[in-house]
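Here the structure is laid out as structure tokens; the discussion comes afterwards.
Since every read-out is calculated from the coordinates, none of them should be taken as a lab result. Bear in mind that the values here come from a model prediction, so they are computed numbers and not experimental data. Heads up, the Cβs are rebuilt from the backbone with ideal geometry, glycines too, and the neighbour counts pull from every protein chain shown.
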Amino acid sequence: MASIELRQVSKTYPGGVHAVHATDLSFRDGEFVVLVGPSGCGKSTLLRMIAGLETVTGGTVSVGGRVVNDVAPKDRDVAMVFQNYALYPHMTVRRNMAFGLLRRRRHAGMAAWLLRHAEWARERDEVDRKVSETARTLGIDALLDRLPRALSGGQRQRVALGRALVRDPQVFLFDEPLSNLDARLRIETRAEIREMHRRTRATMVYVTHDQEEAMTLADRMVVMRSGVVHQAGTPEECYARPADRFVAGFVGMPVMNFVEGRAEAGAFVGSGLRLGLPAGRWPAVPAGPLALGIRPDRIAVAPGAPAGGGALPASVRAIERLGDRMDVVLDAGGTRLVARIGNDDRLREGEAAHVTVDVAAAHLFAPGDAGARVRDTGDR
């Protein structure tokens, strides 16, 4: 396996379109890194530059300590799993999975003949063994003699995973491999990919726009927007200590609530709300406009008017029931808040309620949609 180093890597397309801006990233040997962000943020372009499918406009890409800017994709010893599977329709599952190994031979066009030749019996047996082992691991061993058109979407994706796995490359690259699957299959295949990483300890770089997928898979996640890395850290770090307002609003579902205002005399005041700030939590709160961010699961809701204790009056605008929990959309003094709570049949749309905000779990951000988080006593 191998580490990956990106040094000032950038990509500019004709016409001056900047897909990736001077990016520095290091992926450790055996690490599972997820590149995540909205569509068009540059994550797939970055992945394709590692694979060699996109040329690098500036900077260097290194795999296993070797600069590969001018190395052909086939010589980088990386395996890529695509969103659209990219299976050969005329080949069986077995031949699709073996094809990557066969191409390594000097005369790839003679691979089928060579495997039949007695001189290559040992190599043929080794290829068959690896294909069979991988197929059993992915639960597709009964499908080895089928053509791709006879498989479901989930089965095709497993074949694509298997084809990458049998090659035993230095690096695995995944470009939104689960986006064509339904919800149940996404969860199942996600677990298989994570288990594959646990077993192989391979270096894996995975692209997705789904932050839930990123949170469940990643050792470390890289959050991008408009070709710029906003934060690289563990899922826990990106969720609990987001670098800026963009990361805070992108990571976590439902998205973080933001209230515009300013700090005044130990309280946050804005949009019809006044919330006391914990003493000593923020050693240096800047003067001027701020935004307070609070996760939906840090807001408690109860029916009826408040009876003191720091609760705020609100009205219930909408309720979204999600089985064992529900999301409640509220209007609190003109501020829209979303709270995620356990089921409460006492709450009714259009009726009064009161909310209690856990300000100790809140964050303060500088102005702007990517305003930096104000450092607090929890920062090291």
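A compact table of results
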item	result
Region 123-246 - charge dipole about Cα centre, Lys and Arg +1 at Cβ, Asp and Glu -1, debye rounded to 20	80 debye
Sequence ranges 124-136, 233-245, ranked by mean other-Cβ count within 10 angstrom, highest first	233-245, 124-136
Cα gyration tensor shape of region 213-341, rounded if a/c is under 1.5, else prolate or oblate by comparing a/b with b/c	oblate
Dipole magnitude (debye, nearest 20) for the chain, charges at Cβ of Lys, Arg, Asp, Glu	1100 debye
Highest average packing first - 327-333, 346-352, 86-92, Cβ atoms within 10 Å	327-333, 86-92, 346-352
Cross-link reach list, aspartates and glutamates versus Lys130, counting only Cα pairs under 15 Å and skipping chain neighbours closer than eight places	Asp141, Asp168
Principal axis box of region 8-102, alpha-carbon based, largest edge first, Å	42, 30, 25
Options Gly270, Leu337, Val285, ranked by Cα towards positive dipole end of region 255-365, top entry (Cβ charges)	Val285
Most to least packed among 34-43, 144-153, 248-257 [average Cβ atoms within 10 Å]	34-43, 248-257, 144-153
Straight-distance crosslink candidates among lysines, where the alpha carbon sits under 22 Å from Lys11 and sequence neighbours closer than 8 are dropped	Lys43, Lys74
Fraction of alpha-carbon pairs over 33 Å apart in the chain - percent	45 percent
Assigned charges on the beta-carbon of Lys, Arg, Asp, Glu; region 255-365 dipole about Cα centre (debye)	220 debye
Positive minus negative residues near Leu347 (Lys, Arg vs Asp, Glu; Cβ under 15 Å)	-1
Positive-pole candidate from Leu165, Gly40, Pro313, dipole of the chain, charges at beta carbon	Leu165
Most positive-pole-ward Cα, Ser62, Thr23, Gly52, against dipole of region 4-245 from beta carbon charges	Gly52
Simple spin-label estimate for Ala360 and Leu322 in nanometres, 7 Å along Cα-Cβ	2.4 nm
